[in-house]
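What follows is a single structure, written as structure tokens, with notes after it.
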Amino acid sequence: MSNVAKQTFLVTGGTGFIGSGITRRLVREGHRVRVLDDNSRGAERRLADLRADFELLEGDVRDPFTVDRAVQGVDAVHHLAFVNGTEHFYSMPELVLEVGVKGMMNVVDACRRHGVGKLFLASSSEVYQTPPGIPTAEDVPLVVPDPMNPRYSYGGGKIISELLAINFGRKYFERVVIYRPHNVYGPDMGWEHVIPQFIVRTQRLSQEQPQGSIRFPIQGTGQETRSFCYIDDLVDGVMLAQEKGAHLGIYHIGTREEVSVADLARRVAACLGREIALEPGQLSAGSTQRRCPDISKLAACGYSPRFSLEEGLPIICDWYRKHPSAGVL
């Protein structure tokens with residue numbers, strides 16, 4: 001149980017994968033919680049067991065009147081409402097930017113109007129795209145390498161959100177903290193991300209190729225790397241940033257365990273009882289070759305991830321095996 005005084009929090013995007021994890025933890029720690037989500041990508045089922053313990057407002061973060069009503073009467077805001085999922089960056093970049101920029105501005109305006117002085121913003125590792133060094137610290141340049149590439153709608157929207165938080169935060173907020181999650185995974189995270197895609201693909205190909213090694217297509221060579229953070233570790237990090245993070249501070253949340261995409265695919269398949277033969281393919285334009293965060297800033301606040309990938313993968317594989325309708329590829 002946290003030692004932080006009990007408060008009333010608004011969580012925008014609170015029925016989403018990460019948002020629901022934060023909502024669950026805030027409720028568990030005895031805070032009053034209001035969730036704002038249009039459930040276009042979120043799902044109330046993620047919080048069904050807590051439904052009597054928080055207030056749910058169904059609405060669009062792009063609507064200033066809805067956001068104003070949601071902010072009224074709270075002490076602090078966790079702002080997570082955004083269109084996530086790499087597929088969406090390419091297919092609907094205008095919506096990604098509209099939700100990201102309008103939503104952030106509406107939250108800032110509503111907080112100012114109602115005197116809410118504490119804002120915790122979920123950003124992303126996408127703000128720095130291809131990092132200049134590994135592990136990557138929080139002070140690297142934020143870049144949009146090619147405005148013509150729709151992928152950068154997401155990173156660009158997050159950069160704008162950080163700029164709004166910092167610059168309005170200096171003048172109008174007592175406390176603004178930004179955290180950048182790095183490749184968070186866990187049960188019921190949707191299917192627009194690499195681990196659930198590999199799980200669903202392995203299940204489908206296992207039916208099509210019941211014998212021997214599965215021919216398993218991937219993007220790129222497989223030597224691209226990521227560092228995956230289990231949802232419980234991410235929520236631990238967010239709570240630490242909320243409690244101990246500096247005003248206008250930026251914190252990477254993730255793990256130092258860097259793994260290649262090829263190794264990840266093999267480990268997912270092994271969890272599902274199969275071996276695979278990788279078939280390299282074309283990497284999506286704008287994809288990053290390596291990503292692994294420097295988490296020393298948050299570690300100085302007490303952050304220490306508890307789940308290795310070896311421990312987390314069986315949990316998520318088991319969930320998707322038991323919920324085959326969670327996504328199809």
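The values are calculated or read from the model by the stated rules, or taken from the named source; none is laboratory data. Bear in mind the structure is a predicted one, so any value in this text is a computation, not a measurement. With ideal geometry, Cβ positions are generated from the backbone for all residues, glycine too; neighbour counts draw on all protein chains shown.
In the set (1) modelled with pLDDT of 95 or more; (2) hydroxyl-bearing (Ser, Thr, Tyr); (3) surrounded by fewer than 16 Cβ atoms within 10 Å (Cβ to Cβ), the condition left unmet by Tyr230 is number (3). Of the set (1) modelled with pLDDT under 95; (2) assigned by TED's automatic domain parsing to the domain that holds Val67; (3) surrounded by fewer than 21 Cβ atoms within 10 Å (Cβ to Cβ), all apply to Glu174 but (1).
Would you confirm whether or not region 20-35 contains a residue that is at pLDDT 95 or above and either among the hydroxyl-bearing types (Ser, Thr, Tyr) or in contact with a Pro (Cβ under 7 Å, 6 or more places away or on another chain) (or both)? The answer is yes; a qualifying residue exists. Within region 98-112, residues that are over 14 Å from Asn167 (Cα atoms) and assigned by TED's automatic domain parsing to the domain that holds Gly59 reach partners that are of a type in the set (Asp, Glu) and assigned to a helix (DSSP H, G or I) with beta carbons closer than 6 Å, at six or more positions or on different chains, in the pairs Ala110/Asp68.
Any residue at all in region 84-99 that's surrounded by fewer than 21 Cβ atoms within 10 Å (Cβ to Cβ) and under 15 Å from His182 (Cα atoms)? Yes, because at least one residue in region 84-99 is surrounded by fewer than 21 Cβ atoms within 10 Å (Cβ to Cβ) and under 15 Å from His182 (Cα atoms). Checked against (1) more than 23 Å from Val77 (Cβ to Cβ); (2) β-branched (Val, Ile, Thr); (3) out of contact with any strand residue (DSSP E or B) (no Cβ under 9 Å at 6 or more places or on another chain), Val194 passes all but a single condition, namely (3).
With the checklist (1) closer than 21 Å to Gln207 by Cβ; (2) under 21 Å from the mean Cα position of the chain (by Cα) in hand, flag the one item Ile295 doesn't pass. Unmet condition: (1).
Filtering region 141-168 down to residues that are touching a Phe, Trp or Tyr at 6+ places or on another chain (Cβ under 9 Å) and among the aromatic types (Phe, Trp, Tyr), which residue is surrounded by the most Cβ atoms within 10 Å (Cβ to Cβ)? That would be Tyr154. Please verify whether region 168-180 includes one or more residues that are without any contact (Cβ under 8 Å) to a residue 60 or more places away in the chain, farther than 20 Å from Val99 by Cα and assigned to a helix (DSSP H, G or I). Yes: region 168-180 contains one or more residues that are without any contact (Cβ under 8 Å) to a residue 60 or more places away in the chain, farther than 20 Å from Val99 by Cα and assigned to a helix (DSSP H, G or I).
Yes/no per residue for (1) touching a Lys or Arg at 6+ places or on another chain (Cβ under 7 Å); (2) of a type outside the set (A, V, I, L, M); (3) over 30 Å from Glu94 (Cβ atoms):
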{"position": "Arg24", "(1), (2), (3)": "no, yes, yes"}
{"position": "Leu36", "(1), (2), (3)": "no, no, no"}
{"position": "Arg46", "(1), (2), (3)": "no, yes, no"}
{"position": "Ala52", "(1), (2), (3)": "no, no, yes"}
{"position": "Leu57", "(1), (2), (3)": "yes, no, no"}
{"position": "Thr66", "(1), (2), (3)": "no, yes, no"}
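Does Val268 qualify as being out of contact with any strand residue (DSSP E or B) (no Cβ under 7 Å at 6 or more places or on another chain), part of a helix (DSSP H, G or I) and closer than 30 Å to Gly169 by Cα? Against the criterion (out of contact with any strand residue (DSSP E or B) (no Cβ under 7 Å at 6 or more places or on another chain), part of a helix (DSSP H, G or I) and closer than 30 Å to Gly169 by Cα), Val268 does not qualify.
Somewhere in region 118-140, is a residue hydrophobic (A, V, I, L, M, F, W, C), free of Cβ contacts under 8 Å to residues at least 40 places away in the same chain, surrounded by fewer than 16 Cβ atoms within 10 Å (Cβ to Cβ) and in a loop (DSSP other than H, G, I, E, B)?
Taking region 118-140 as the starting set, the residues that turn out to be hydrophobic (A, V, I, L, M, F, W, C) are 119-122, 127, 134, 137, 140.
When the remaining residues are screened for being free of Cβ contacts under 8 Å to residues at least 40 places away in the same chain, the result is 140.
Next, from what is left, pick out any that are surrounded by fewer than 16 Cβ atoms within 10 Å (Cβ to Cβ): 140.
Restricting the remaining residues to those that are in a loop (DSSP other than H, G, I, E, B) gives 140.
Scanning region 118-140 turns up at least one residue that is hydrophobic (A, V, I, L, M, F, W, C), free of Cβ contacts under 8 Å to residues at least 40 places away in the same chain, surrounded by fewer than 16 Cβ atoms within 10 Å (Cβ to Cβ) and in a loop (DSSP other than H, G, I, E, B).
Of all residues in region 178-200, those being farther than 27 Å from Glu162 by Cα and either surrounded by fewer than 23 Cβ atoms within 10 Å (Cβ to Cβ) or among the basic types (Lys, Arg) (or both) number 4. Number of residues in region 201-224 that are surrounded by 18 or more Cβ atoms within 10 Å (Cβ to Cβ) and either β-branched (Val, Ile, Thr) or closer than 19 Å to Pro293 by Cα (or both) equals 4. Take Val77 and tell me if it is touching a Pro at 6+ places or on another chain (Cβ under 6 Å) and on the phi < 0 side of the Ramachandran plot. Here the answer is no, as Val77 does not meet what is asked.
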